[in-house]
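A.B. asks: First, the structure itself, so that you have it in front of you.
The values are calculated or read from the model by the stated rules, or taken from the named source; none is laboratory data. What you are looking at is a predicted structure, and each value in this text was computed from that prediction instead of being measured. Neighbour counts run over all protein chains shown; Cβ positions are idealised from the backbone, glycine included.
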Amino acid sequence: MSDFMILDGTGTGRRAQVNTDNQLITKAKVEPYNTYISKQKGLAFSMSTGMLTTTTTEGLYMYFKNTDANNFHIQSIFMNWNGGSTNFDRPAWLSLYVGTYEPTANHTAGTVRNLNSGSGNTASIDYYIWDESSTGMTTAANGLYVSTSMLSQGIQEIGVDGALIVAQNVSVGILGDCAEIGELIIHITGYYES
């Protein structure tokens, strides 16, 4: 029986190491996929509402629609709630919908930011934020319900690690319902398939 040898392929003659269980000894640098996409492709982006003063009536706070041919993967959704303006211990509920109709009133265009400051790539996303008039953006329909999170005072991350995929011409809406008037920030990070 002849010995099987794996060489490094660069002409140095170095051989691969194998342990007693016949497993190849390797070393690898591992990084999250969104970090790779941001660093190598410049295709990771973020959207933030900035600070919103909420009402106690349910309203649409954030809306975006992916108009790119590539899928947009939501990496994380961060929500920060001060707990209310009086008691600071009142919850807020934020619900995620897909297929939300584009808002027709009470909104302002948001800016989608590239997470790689050295990249000139832009996102093909229509993005709107509630302008704090009325009780939320006006829309014909919320769309298909996905999930709800209840927030106590502080910051909460919903890490979906890219599993929440927004296909071309699909929209996402985030509705809020707060037990008390307070301050709220919603921040989303994600990346395009490459």
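A.B. asks: Among the residues of the range 8-30, what is the count of those that are outside any strand (DSSP E or B) and surrounded by 10 or more Cβ atoms within 10 Å (Cβ to Cβ)?
C.D. replies: Selection size over the range 8-30: 4.
A.B. asks: Need the failing condition index for residue 66 against (1) surrounded by fewer than 19 Cβ atoms within 10 Å (Cβ to Cβ); (2) within 14 Å of residue 173 (Cβ to Cβ), just the number.
C.D. replies: (1)
A.B. asks: Further question: Is it true that some residue in the range 71-82 is surrounded by 16 or more Cβ atoms within 10 Å (Cβ to Cβ) and in a loop (DSSP other than H, G, I, E, B)?
C.D. replies: yes
A.B. asks: Test of understanding: among 46, 85, which residue is touching a residue at least 40 places away in the same chain (Cβ under 8 Å), surrounded by fewer than 20 Cβ atoms within 10 Å (Cβ to Cβ), among the small types (Gly, Ala, Ser) and assigned to a strand (DSSP E or B)?
C.D. replies: Going through 46, 85 in turn, just one is touching a residue at least 40 places away in the same chain (Cβ under 8 Å), surrounded by fewer than 20 Cβ atoms within 10 Å (Cβ to Cβ), among the small types (Gly, Ala, Ser) and assigned to a strand (DSSP E or B): 46.
A.B. asks: Further question: For the condition among the small types (Gly, Ala, Ser) and assigned to a strand (DSSP E or B), what is the one hit in 134, 119, 147?
C.D. replies: Only one candidate qualifies: 147.
A.B. asks: Restricted to the range 50-107, and to residues that are within 20 Å of the chain's Cα centre (by Cα) and of a type in the set (Ser, Thr, Tyr), which residue is nearest to residue 35 (Cα to Cα)?
C.D. replies: So the residue we want is 76.
A.B. asks: So which of 140, 163 ends up being loosely packed, with under 12 Cβ neighbours inside 10 Å and free of Cβ contacts under 8 Å to residues at least 40 places away in the same chain?
C.D. replies: None of the others qualify; the one that does is 140.
A.B. asks: Taking the criterion of being outside any strand (DSSP E or B) and at positive phi, would at least one residue in the range 163-172 satisfy it?
C.D. replies: yes
A.B. asks: Continuing with this model, one more query. Being surrounded by fewer than 20 Cβ atoms within 10 Å (Cβ to Cβ) and β-branched (Val, Ile, Thr) is the filter; apply it to the range 167-188 and report the residue that is farthest from residue 134 (Cα to Cα).
C.D. replies: 170
A.B. asks: Looking at the range 1-57 only, could you name the residues that are at pLDDT 85 or above and of a type in the set (Asp, Glu)?
C.D. replies: Across the range 1-57, the qualifying residues are 21, 31.
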